[in-house]
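First comes the structure, then the notes that go with it.
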Amino acid sequence: AFDYICDGTEDCSDGFDEDPQLCTAKNRPAIDTLEGFIKTYEEWLIPTFLGNGSPKQIAVALIESATIDDYAKALKLDKEQYSQLKKLLEAVRDGRQVELLLMKMPVNAWNDLYMLFGRIVESGFLRA
């Protein structure tokens, strides 16, 4: 059952239910929701923060990459994109909405950005 996945107890004989990659994916937002958000704010997010790719490719990489470094490799972010993405995620983590507005975040994006990207950050995405 889904409730037994990543609950801190190995329920499968091979420990698969506690696999770190599985736990990363479980703790991230749903791919369709994330893709929809990226599509809605594509002009703001792509390529400045999330790199180049379709909203679907980017959403998949955000869900599957364990860390920001893994994501940067998968999407081939340049140094500026990496830096901008890190700033965006740190601002989300710290609840600094004004800083994001100064980064040209659309006013109505905050709630969804905070919810979706907050889950990504909480899952350990910013660890090196």
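Overview of values
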{"item": "Any hit, region 109-123, residues being of a type outside the set (F, W, Y), in contact with a helix residue (DSSP H, G or I) (Cβ under 8 Å, 6 or more places away or on another chain) and outside any helix (DSSP H, G or I)", "result": "yes"}
{"item": "Restricting region 12-56 to residues that are at pLDDT 85 or above and acidic (D, E), the residue that is surrounded by the most Cβ atoms within 10 Å (Cβ to Cβ)", "result": "E35"}
{"item": "Unmet criterion (only one of (1) surrounded by fewer than 19 Cβ atoms within 10 Å (Cβ to Cβ); (2) modelled with pLDDT of 95 or more; (3) within 21 Å of E122 (Cα to Cα)) for M103", "result": "(3)"}
{"item": "Residue in region 71-85 that is of a type in the set (D, E, K, R) and either surrounded by 15 or more Cβ atoms within 10 Å (Cβ to Cβ) or in contact with a Ser or Thr (Cβ under 7 Å, 6 or more places away or on another chain) (or both) present", "result": "no"}
{"item": "Candidate set: region 57-70, residues that are part of a helix (DSSP H, G or I) and small (G, A, S); chosen: the one surrounded by the fewest Cβ atoms within 10 Å (Cβ to Cβ)", "result": "A61"}
{"item": "Matching option when the condition is among the aliphatic types (A, V, I, L, M) and either within 11 Å of the chain's Cα centre (by Cα) or at pLDDT 95 or above (or both), among A128, A72", "result": "A72"}
{"item": "Boolean, D3 is at pLDDT below 75 and of a type in the set (D, E, K, R)", "result": "yes"}
{"item": "Test: residue in region 85-99 that is touching a residue at least 40 places away in the same chain (Cβ under 8 Å) and either under 16 Å from the mean Cα position of the chain (by Cα) or part of a helix (DSSP H, G or I) (or both)", "result": "yes"}
{"item": "Any hit, region 31-45, residues being touching a residue at least 40 places away in the same chain (Cβ under 8 Å), among the aliphatic types (A, V, I, L, M) and not in a helix (DSSP H, G or I)", "result": "no"}
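The values are calculated or read from the model by the stated rules, or taken from the named source; none is laboratory data. Just so you know, these numbers come straight off a predicted model, no measurement behind them. Don't worry about glycine lacking a Cβ; one is built from the backbone with ideal geometry, like all the others, and counts go over all protein chains shown.
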